[in-house]
Every structure is written in structure tokens, then in C-alpha cells.
Amino acid sequence: ARPFTPAEANSALEAVRPVAERLVEVRARMRELEHDQSSLLGAIAGNGGGHSGADLAEARGELESLAKVASACADRLDDLGVILKDPDVGLLDFVFERDGEIVFLCWHVGEDEVAWWHRPQDGFAGRKPIDWGE
């Protein structure tokens, strides 16, 4: 991760936001497929429920493909210098040095701008509004 000022973090959102949004979409679909796969396994183990091993193979194939997309998104976010904290909600941290202390500027998919920060030990629950100028 590289250091960002709040203004730089907000500028970086132009590149970061679409990647994080795609990651959240992919992770949601992966959860659906994992649930479907579990249901298919149960149905096939029972009376078949009209499902076959081909249905299961199709779900597995899509899941593997999506896992590659998710991994590529995570790699891209890393390349952009941000720290991925939670891929399911697109929670990211931007490193910032404030008064000689390393803190994280915090953003997640759905927020308009990077407007929060927290100390490493406080995490998301301890985030506070960015209330200082550059």
C-alpha cells in the first residue's frame, strides 16, 4: 500500500470504485452459487430432485471462473495501492500519515467519497469523519 492524502484517495476512487463494485458483485454471485451448490448436493443425494451432476458441474465451473475474477479485482486494488479489508462489501483502506501516526482513510462501495478515517487498532467500528484540511 502507498500513502494517500484524503484528496488523493478521493481522486483514486475514479479507478478504485469500478473495481471494488465489480468485486462486490462477483462475491455476491459466488455466495449465491455456493448456496445453490449446497442445495443441489442435497437434492442429488436425496431423490435427485430432477437435478444431475451436470447441474453441479456447471455451478462449480461458474464458481471457479468468478473466483478468478475476484482474485484479479483484489490484485488490481493492490496495484492501485489500497488495502482490501472486506471483499463482500468492498471495504478499503488508504494509508495516510497524520501527525506522524499511520492511520487509514476508510471507504466502502456505496459511499460517495473517502470521508472517514481510523487508527489501525480501531478498525471500521472506530472510524471518525475526516475533519481536517490538507
Q. Can you tell me which residue in the range 75-134 is farthest from L23 (Cα to Cα), limited to those that are open to solvent by 70 Å² or more (accessible area, probe 1.4 Å) and assigned to a helix (DSSP H, G or I)?
A. A125
Q) Hey, L41 hits all of (1) of a type in the set (A, V, I, L, M, F, W, C); (2) modelled with pLDDT of 95 or more; (3) in contact with a Leu (Cβ under 8 Å, 6 or more places away or on another chain) but one; which does it fall short on? A) (2)
**Q.** Scan of the range 59-74 for residues that are crowded, with 18+ Cβ neighbours inside 10 Å and either in contact with a strand residue (DSSP E or B) (Cβ under 9 Å, 6 or more places away or on another chain) or part of a strand (DSSP E or B) (or both), ordered by number
**A.** C73
Q) What are the residues in the range 11-38 that are open to solvent by less than 80 Å² (accessible area, probe 1.4 Å) and either farther than 12 Å from L66 by Cα or in contact with a strand residue (DSSP E or B) (Cβ under 7 Å, 6 or more places away or on another chain) (or both), if any? A) A12, L13, A15, V16, R17, P18, V19, A20, E21, D36, Q37, S38
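The values are calculated or read from the model by the stated rules, or taken from the named source; none is laboratory data. Please read these numbers as outputs of a predicted model, since none were measured by experiment. As a convention, Cβ positions derive from the backbone with ideal geometry for all residues, glycine included, and neighbour counts pool all protein chains shown. Please note that ligands, DNA and RNA were not included when accessible areas were found on the heavy atoms of the full protein model with its side chains. Shrake-Rupley method; radii C 1.70, N 1.55, O 1.52, S 1.80 Å.
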